[in-house]
Every structure is written in structure tokens, then in C-alpha cells.
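Single-structure report; data block below.
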Amino acid sequence: MGRAPAGYTPMPVGTAYRRGGAAPPPGPPPGGDGDPPADSPSGLAAVHRAVTEAAEAARASQASAEEEAARAASGSGVPPLVIPSYEVIQMGEVQTHCVTQSLIAVVGGGVMGLLFGVFMGSMDTGAGGNALLGGVRVEPDKSALQVVREMGRSVRVKSVSYAKSFAWMGFLFAGSECVVEKWRGRTDMANSVSAGCFTGAALAYGSGPKGMCFGCAGFAAFSALIDKVMGRH
């Protein structure tokens with residue numbers, strides 16, 4: 001082997017050789033940018049902290065998305081979907097049943113007829129009596145108590161008569177309309193017009209075919225007019 005030239009300085013073992021100068025200063029140990037190893041206590045704490053921060057960020061993002069969805073739903077006027085229970089469904093079926101609607105119409109018609117009979121009975125002058133006393137004829141030999149009794153009897157007779165008529169008419173109309181609506185599967189003016197025709201014909205049954213036709217046409221036109229003015233139910 002040859003001899004080393006004069007002025008040659010050997011480099012320490014383990015350092016990289018760089019042309020034109022001395023070796024670079026020693027850097028951090030291999031395996032990272034100066035961070036502690038992952039298996040050290042400080043490294044485990046750093047990993048735990050990073051995982052916790054990521055989980056909190058994910059929860060915050062999910063909560064923000066839920067708030068945005070709720071805000072959008074409330075702003076658009078779309079109500080939340082609510083599934084009714086079995087009891088609520090059964091109650092709705094009972095309320096929409098034709099028998100239930102007919103009974104409600106009977107009660108409502110009876111009350112309306114009763115009030116209408118009180119008014120008409122108090123104004124009845126068919127016997128030539130006083131209109132303010134329910135058509136009772138005031139005679140000099142009658143006492144005030146007799147006049148009040150006769151007036152009450154007249155009002156009661158009229159009220160009962162009108163109550164029966166209105167209750168029967170409500171039963172026919174509500175029942176026939178419900179049957180027609182369930183048979184057609186639609187809710188429109190044709191149901192009420194058909195029910196009005198049937199009700200008018202049934203009420204005029206004693207007048208013969210001609211009277212039934214007039215009753216059908218009259219009640220059908222009245223039902224259509226009520227639907228136009230007051231709307232569907």
C-alpha cells in the first residue's frame with residue numbers, strides 16, 4: 001500500500017464523506033424530526049392527545065351537520081315525520097266511519113232544529129194569536145199563567161217537530177255522503193251533490209216521483225251552493 005500524502009487527516013468512523021470540505025455536522029438520530037419514539041411515555045401521550053382531538057372534531061362536525069339539517073327543515077316549513085300509534089289509527093278509523101258521522105249529524109241536526117223550532121214557535125201566528133206570545137190568543141178571561149203555559153206548549157211542539165226533521169235530514173245527508181265518498185275514493189263536490197239529491201228525494205218520498213225529482217234537484221243545488229260558498233267541510 002502507498003503512503004498517505006502529507007497533511008491528510010482521517011475522518012471519524014461513521015461520518016459521510018463530502019467532496020470539497022469536511023463532513024456536515026451530525027443531525028438528529030434517524031427515525032423522526034426530533035420527536036420522541038412512539039413507545040416512550042411522552043410519545044404515547046402525544047398519540048392519545050391526537051386521537052382525542054380527532055374524535056372531538058368529528059363530534060363537532062356531526063353536531064353542526066345536524067343543526068344545519070334541523071335549521072333547513074324548519075326554514076322550509078316541512079314538519080318532522082311522526083308515525084302514529086295503533087291507538088291513534090284506530091281512533092281515526094272510528095271517527096271517519098259512516099255510522100259515527102251519521103250519529104254526529106243526527107245530534108247536530110237535532111240541536112239546530114230545536115233552536116230553530118224555539119224561534120219559529122215563538123213567532124207562530126197561525127191561530128191568529130199574538131206573535132210575541134208564541135201564537136197564543138190572549139183573551140180577557142185568561143190569566144197570565146195560562147198564557148205562559150199555552151205559549152210553552154206551542155214552542156215545545158214546534159221545537160220537537162223541527163228537531164226530528166233536522167236530525168233525520170242530517171242522518172240521510174251525512175250517511176249518504178260518506179257512502180258515496182268511500183265508494184268513489186274521492187273528496188269533492190260530487191259527493192255532496194249526490195248526497196243532496198238522495199236526501200231531497202228521500203224526504204219527498206210521500207209526494208210521488210215528481211216530488212222526489214224536485215226534491216233531488218233542489219237539495220243537490222243547495223248542496224253545491226253551500227260547497228261553493230263555505231268550502232269543503
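The values are calculated or read from the model by the stated rules, or taken from the named source; none is laboratory data. The structure presented is a predicted model; accordingly, all values stated were derived computationally and were not measured. Virtual Cβ from ideal backbone geometry, glycine too; neighbours counted across all protein chains shown.
Please specify each residue of the stretch 219-230 satisfying the condition of being closer than 19 Å to Gly175 by Cα and either loosely packed, with under 15 Cβ neighbours inside 10 Å or assigned by TED's automatic domain parsing to the domain that holds Phe173 (or both). Across the stretch 219-230, the qualifying residues are Ala221, Ile226.
Conditions (1) of a type in the set (Phe, Trp, Tyr); (2) in contact (Cβ under 8 Å) with a residue 12 or more places away in the chain, marked per residue:
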{"residue": "Ser192", "(1), (2)": "no, yes"}
{"residue": "Phe198", "(1), (2)": "yes, yes"}
{"residue": "Gly211", "(1), (2)": "no, no"}
{"residue": "Phe219", "(1), (2)": "yes, yes"}
{"residue": "Asp227", "(1), (2)": "no, yes"}
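Cβ separations smaller than 6 Å between residues 6+ apart or across chains give the following pairs from the stretch 103-115 residues that are under 12 Å from Val160 (Cβ atoms) and touching a residue at least 24 places away in the same chain (Cβ under 8 Å) to residues that are assigned to a helix (DSSP H, G or I) and aliphatic (A, V, I, L, M): Gly110/Ala163; Gly110/Ala167; Gly113/Ala163; Leu114/Ala163. Scanning the stretch 107-136 for residues that are modelled with pLDDT under 55 and out of contact with any Ser or Thr (no Cβ under 9 Å at 6 or more places or on another chain) returns Thr125, Gly126, Gly128, Asn130. On the stretch given as the stretch 168-192, residues that are more than 23 Å from Leu103 (Cβ to Cβ) and in a helix (DSSP H, G or I) total 2. Within the stretch 149-181, restricting attention to residues that are surrounded by fewer than 20 Cβ atoms within 10 Å (Cβ to Cβ) and of a type in the set (D, E, K, R), the residue that is modelled with the lowest pLDDT is Glu150. Return yes when Cys213 is assigned to a helix (DSSP H, G or I) and assigned by TED's automatic domain parsing to the domain that holds Ser102 and no when it is not. When the stated conditions are applied, Cys213 does not pass them. Scan the stretch 150-209 for residues that are of a type in the set (Ser, Thr, Tyr), assigned by TED's automatic domain parsing to the domain that holds Phe222 and farther than 22 Å from Lys228 by Cα and the total you get is 2.
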